[in-house]
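Below is one structure, written out as structure tokens; comments come after it.
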Amino acid sequence: MALEALKDVVRKIKSSSSIDKYLVEEIVRDIQRALLRADVNVRHVKQISDAIKKRALSEDVLPTFNVREHIIKIVYEELMRGIGEGLDIPLKKAKIMLVGLQGSGKTTTTAKMAKYFKDKGLKAGVITADTWRPAAYDQLKQLAEAYDIGFYGDKNEKDAVKIVRDGLEKMKDYDIIIIDTAGRHALEEGLINEMIEISRVANPDYKLLVLDAAIGQLASTQAKRFHDAIGIDGIVITKFDGTAKGGGALSAAREIGIPIAFLGTGEKVEDFEKFDPAGFVSRLLGMGDIKALLEKV
Amino acid sequence: VFEREVIIDEGKLEGILSELEMILLESDVAFDVVDEITQKLKDSLVGRRKKIGQKLSDIVIDELKSILKDILDRNRFDFDEFVRNVDKPANILFVGVNGTGKTTTIAKIAKRLTSQGYSVVVAAGDTFRAGAIEQLEEHAKNLGVKIIKHKTGADPAAVIFDAIKHAEAKGIDIVLSDTAGRMHTKKNLIDQLGKIKRVTKPALTIFVDESLAGNDAIERARMFNDAVGIDGSILTKLDADPKGGTAISISYITGKPVLFVGTGQSYDDLEKFSSEWLIGRIFD
Ligand SMILES: Nc1nc2c(ncn2[C@@H]2O[C@H](COP(=O)(O)OP(=O)(O)OP(=O)(O)O)[C@@H](O)[C@H]2O)c(=O)[nH]1
Ligand SMILES: Nc1nc2c(ncn2[C@@H]2O[C@H](COP(=O)(O)OP(=O)(O)OP(=O)(O)O)[C@@H](O)[C@H]2O)c(=O)[nH]1
Ligand SMILES: [Mg+2]
Ligand SMILES: [Mg+2]
């Protein structure tokens, strides 16, 4: 009896068992559909499904898991592979620069992050280095004033690099400085060069790429270009309060091997959270509570 | 002449279809839309006869292109012709989720209309977002068009209503009405758009979305179309080099045409949409 039970404790999904093999195929197909619907990069979906098939049939199934749970745990690990569980920004003096595509949510996130650190007791300020978008200055200034956050900008200066240099000088006594930059994409050579120059002058401790949760297949290639240009340390996913699942942004993180730091969950400056991988993947797959599953291990 | 024919069966199609599905998915056509298009393709091809020597892949691709063209051209109308014939002043309302390019697109349309000789007023109907009024104001100044604005927090319907009154009094042709970006899931904000429509009776309601969006495009297009009612869409940020499959998703879900695409941040970066152009972009 005891021996029987022991054999059952660690089980493999036998590749010889056609039922299990069929079940794995079927679950992988479900997962592929979920990943594609969630905007995970098509190439990544292929890699991930190959990895699942291989691992699901060869690895031990934990005693508390059924086949489906076994596979979902593998999917979770594969999705998070190489990007870690999040990004911890310690509560001490730091310069943070936000970059990203047009309209992704940088300016709003600049205010959100400043408030986030201010609430944790740090002296937080923002610099607006967007000299392109009409009224970018007013937008950030109004947000900063409403939340009593330090602000630096120069409406009449067209040189973003100079603004950043002057702003950093003026804000020397601040703990956290967040730099908002203009929206740009990979093909805008001039704007990419401007970003490189700002990054060189500011020498930020963290360079975060701000991505819309709804971005599709282009996310990885765009992210790669930003990363090659200045070296990205983390990703912020915005507009997570809608129905978008964030698979594009996740693919971007996977593509360049960096963590996701924060989520924007609304238009208000308060709507800002630290990234929670299990919650994120549960929502992405739409397949139940992965946190509870991982805790069963 | 005796030509031999074969019947197309599902087995023969399988490989070609999955390759085409990949192309569509990589072009950001939403998964569910790709699924339905593939089903349509099967329905129309299985059982059809083809001549021996005729390449099956050519037949499938031609059929796919024609399905896509049908989707993209449903209810198509010419924007310029519409503007020419509409009763003046006409209110054109721009709606969409956050940050897609509504305000910038209004500026581009204003430029287009004024250079065609129409008079234009813009209404600062985004009374919510920080800096929104100032943003439209700066565009209006650059373009030399009048802006009607209230204070932050004011009722957007009242702002647009005032702009229409102004246009009536001054004999202005077109009112371009900005609205705050909003999530399709926020019921109170979507209801507010319903109210704006009732009060300001737009001649045209245009949904602005960005071509960078993937699968979520169908969710928001569906909800804006169902709850607010749209006549057409404008797809922005094509210059960032997405293939543009989002146009197919949105047209499929709403049954309304894409009118223009935004191709940059300058006022002239607005082009008329053409289904041939988009299909070429995806397949060539
Ligand atoms: N619903 C929702 N809206 C958001 C969120 N973050 C930002 N937004 C909205 O998205 C829109 C664009 O945000 P911005 O902060 O102006 O984006 P940006 O990246 O600075 O834009 P550019 O400077 O033009 O490139 C605004 O309407 C914001 O209110 C979020 O997490 N949820
Ligand atoms: N590259 C590119 N950028 C664009 C295009 N259209 C708009 N943008 C940029 O996208 C950003 C957001 O544009 P807005 O016009 O403010 O978008 P919106 O929909 O009015 O945003 P909210 O009012 O905050 O919801 C700005 O930086 C614009 O310059 C386009 O076709 N190409
Ligand atoms: Mg900005
Ligand atoms: Mg706007």
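Some points to look at:
- Residue in region B:75-96 that is touching a Gly at 6+ places or on another chain (Cβ under 7 Å) and buried (at least 17 other Cβ atoms within 10 Å of the Cβ) present: yes
- Residues within region B:25-45 that are within 17 Å of B:Ala247 (Cα to Cα), in a helix (DSSP H, G or I) and among the aliphatic types (A, V, I, L, M), tallied: 4
- Looking across region A:176-193, the residues that are in a helix (DSSP H, G or I) and out of contact with any Phe, Trp or Tyr (no Cβ under 9 Å at 6 or more places or on another chain) come down to A:Glu189, A:Gly190, A:Asn193.
- Unmet criterion (only one of (1) farther than 29 Å from B:Arg222 by Cα; (2) within 14 Å of chain B (Cβ to nearest Cβ)) for A:Gln222: (1)
- When each of B:Ile147, B:Ile133, B:Ile106 is tested for being crowded, with 24+ Cβ neighbours inside 10 Å, free of Cβ contacts under 8 Å to residues at least 60 places away in the same chain and more than 15 Å from ligand 3 (Cβ to nearest atom), the lone residue that passes is B:Ile133.
- Count - residues of region A:135-152 that are crowded, with 17+ Cβ neighbours inside 10 Å, more than 14 Å from ligand 1 (Cβ to nearest atom) and either more than 14 Å from chain B (Cβ to nearest Cβ) or of a type in the set (Asp, Glu) (or both): 2
- The set of residues in region B:74-91 being assigned to a loop (DSSP other than H, G, I, E, B) and without any contact (Cβ under 8 Å) to a residue 60 or more places away in the chain consists of B:Asp78 alone.
- Residues of region A:112-125 that turn out to be farther than 24 Å from A:Ala219 by Cβ and either among the β-branched types (Val, Ile, Thr) or within 16 Å of ligand 3 (Cβ to nearest atom) (or both), as a count: 1
- Number of the exception - B:Asn98 against (1) closer than 17 Å to B:Ser266 by Cβ; (2) within 16 Å of ligand 3 (Cβ to nearest atom): (1)
Listed here are the residues, each with its yes/no results for (1) in contact (Cβ under 8 Å) with a residue 60 or more places away in the chain; (2) among the charged types (D, E, K, R); (3) in a helix (DSSP H, G or I); (4) more than 10 Å from chain B (Cβ to nearest Cβ).
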site	(1), (2), (3), (4)
A:Gln217	yes, no, no, no
A:Phe226	yes, no, yes, yes
A:Ala229	no, no, yes, yes
A:Lys245	yes, yes, no, no
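- Whichever residue in region B:92-118 is within 9 Å of chain A (Cβ to nearest Cβ) and in a helix (DSSP H, G or I) and, among such residues, is farthest from B:Arg222 (Cα to Cα): B:Ala107
- Meets criteria (away from ligand 2 (no atom under 16 Å from the Cβ) and either surrounded by fewer than 20 Cβ atoms within 10 Å (Cβ to Cβ) or outside any helix (DSSP H, G or I) (or both)) for A:Gly103: no
- Only one of the listed residues (B:Lys165, B:Lys141, B:Lys151, B:Lys186) is among the basic types (Lys, Arg) and more than 14 Å from chain A (Cβ to nearest Cβ). That residue is B:Lys165.
- Test: B:Ala180 is within 13 Å of another protein chain (Cβ to nearest Cβ), among the aliphatic types (A, V, I, L, M), in a helix (DSSP H, G or I) and crowded, with 17+ Cβ neighbours inside 10 Å: no
- Annotation: of all residues in region B:235-258 being small (Gly, Ala, Ser), assigned to a helix (DSSP H, G or I) and out of contact with any strand residue (DSSP E or B) (no Cβ under 8 Å at 6 or more places or on another chain), the one that is nearest to the other protein chains (Cβ to nearest Cβ) is B:Ala240.
- Only one of the listed residues (B:Val208, B:Val261) is of a type in the set (Val, Ile, Thr), part of a strand (DSSP E or B), out of contact with any Asp or Glu (no Cβ under 8 Å at 6 or more places or on another chain) and within 20 Å of B:Gly181 (Cβ to Cβ). That residue is B:Val208.
- Test: residue in region B:53-70 that is in contact with an Asp or Glu (Cβ under 9 Å, 6 or more places away or on another chain) and among the aliphatic types (A, V, I, L, M): no
- Among the conditions (1) out of contact with any Phe, Trp or Tyr (no Cβ under 9 Å at 6 or more places or on another chain); (2) within 14 Å of chain A (Cβ to nearest Cβ); (3) acidic (Asp, Glu), the only one that B:Glu14 does not satisfy is (2).
- Residues in region B:224-246 that are within 17 Å of A:Gly242 (Cβ to Cβ) and among the hydrophobic types (A, V, I, L, M, F, W, C) were compared, and the one that is surrounded by the most Cβ atoms within 10 Å (Cβ to Cβ) is B:Phe224.
Yes/no matrix, rows are residues, columns are (1) of a type in the set (A, V, I, L, M, F, W, C); (2) within 11 Å of ligand 1 (Cβ to nearest atom); (3) crowded, with 24+ Cβ neighbours inside 10 Å; (4) closer than 21 Å to A:Glu273 by Cα:
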| position | (1), (2), (3), (4) |
| --- | --- |
| A:Lys95 | no, no, no, yes |
| A:Arg133 | no, yes, no, no |
| A:Asp154 | no, no, no, no |
| A:Glu157 | no, no, no, no |
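- Applying the set (1) within 13 Å of another protein chain (Cβ to nearest Cβ); (2) of a type in the set (Phe, Trp, Tyr); (3) more than 16 Å from ligand 2 (Cβ to nearest atom) to A:Phe272 leaves exactly one unmet item: (1).
None of the figures in this text is laboratory data; all of them are computed from the coordinates on show. If you're wondering where the values come from, they're calculated on a predicted model, not measured in any experiment. Neighbour counts are summed over all protein chains in view; Cβ atoms, including those assigned to glycine, are modelled from backbone coordinates with ideal geometry.
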